[in-house]
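Working notes for the structure below.
The values are calculated or read from the model by the stated rules, or taken from the named source; none is laboratory data. What you are looking at is a predicted structure, and each value in this text was computed from that prediction instead of being measured. As a convention, Cβ positions derive from the backbone with ideal geometry for all residues, glycine included, and neighbour counts pool all protein chains shown. Ligands, DNA and RNA are excluded from the accessible area calculation, which covers all protein heavy atoms including side chains. Shrake-Rupley method; radii C 1.70, N 1.55, O 1.52, S 1.80 Å.
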Amino acid sequence: MVARLVRQKPVCTLGLATGGTPLKLYGELIRMHQEEGLDFSRVTTFNLDEYVGLPPSHEQSYRYFMQKNLFDHINVDVRNTNVPDGRALDFEKSGERYEQLIADAGGIELQVLGIGTDGHIAFNEPGSSLGSRTRLKTLAPETVRDNARFFGSEKAVPKLAITMGVGTILESRRCLLLAFGENKADAIAATVEGPVTAQVTASALQLHREVVIVLDEAAASKLARREYYEEVENAHRMLETGKLPWIEEA
Ligand SMILES: N[C@@H]1[C@@H](O)[C@H](O)[C@@H](COP(=O)(O)O)O[C@@H]1O
């Protein structure tokens, strides 16, 4: 989906995420760049979020993550890559500036998303306004616990982040939500089949006009309507091949 967009629309704006989840996707984009010449030279990127207080050189900062896992290996112009400034002095202004940069770039064409175990997207923790914009956010205790593995201890995890808002994400033209592993199963079930609620900010995606969700079996395991989703996949496959069995049989 990402590669198709970059091929079809070389001048485009991507929204990117961090965390373990999108690593395979980034690895594949790097491979496609190196082996197939996938061209990122005119692509602009906006990342979802950044920890407060970490300089770009800090190994756990999201800027560092993006350089190491994607930007340093493709031909994107680093000046066209944007990550919220975790060391801004005035977070309100900095958030507004980030929103303006996104607007100036014509909005985000495709937003890549992971999901927290509490159902958050970016760092929009439970209780975040579904209309929120880029701003400062306090991390929930479960997020601090989840991320302690990267920092060595819970104490070392930054407790604040600057993050795109749910409202910002809802304005992207398309979203690609990725979730893998059993620990995401509850959050995915709540996101897809639960009510739209600020307690599970990913559930706001139910209001978005175009979201594709890619799951492994484990992350999908608590969905009640799995059989139907499999039918949807089959139907898409049928459309691709142009073969509709019920017409052939008629
Ligand atoms: N702010 C990020 C989210 O954008 C990400 O989706 C989540 C899940 O991370 P992982 O993919 O490592 O499970 O972690 C952090 O909270």
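Any idea which of (1) open to solvent by 20 Å² or more (accessible area, probe 1.4 Å); (2) aliphatic (A, V, I, L, M); (3) farther than 29 Å from ALA187 by Cβ is the one VAL83 doesn't satisfy?
(3)
When you go through (1) in contact with a Ser or Thr (Cβ under 6 Å, 6 or more places away or on another chain); (2) within 11 Å of the ligand (Cβ to nearest atom); (3) assigned to a loop (DSSP other than H, G, I, E, B) one by one for LYS137, which number turns out not to apply?
Answer for LYS137: the failing condition is (3).
Can you find a residue that is of a type in the set (A, V, I, L, M) and within 16 Å of the ligand (Cβ to nearest atom) anywhere in region 70-82?
yes
Count, please, the residues in region 170-190 that happen to be touching a strand residue (DSSP E or B) at 6+ places or on another chain (Cβ under 6 Å) and in a helix (DSSP H, G or I).
The total comes to 2.
Kindly evaluate ARG149 against the criterion of being of a type in the set (Lys, Arg) and either open to solvent by less than 20 Å² (accessible area, probe 1.4 Å) or more than 10 Å from the ligand (Cβ to nearest atom) (or both).
no
Quick check on my filter: what residues within region 160-186 are open to solvent by 10 Å² or more (accessible area, probe 1.4 Å) and within 11 Å of the ligand (Cβ to nearest atom)?
LEU178, PHE180, GLY181, ASN183, LYS184
May I ask you to list the residues in region 192-215 that are within 21 Å of ARG174 (Cβ to Cβ) and assigned to a loop (DSSP other than H, G, I, E, B)?
Within region 192-215, VAL196, HIS208, ARG209, GLU210 qualify.
So which residues in region 101-124 are more than 10 Å from the ligand (Cβ to nearest atom), of a type in the set (A, V, I, L, M, F, W, C) and open to solvent by less than 10 Å² (accessible area, probe 1.4 Å), if there are any at all?
If the condition is that a residue be more than 10 Å from the ligand (Cβ to nearest atom), of a type in the set (A, V, I, L, M, F, W, C) and open to solvent by less than 10 Å² (accessible area, probe 1.4 Å), then ILE108, LEU110 are the ones that fit.
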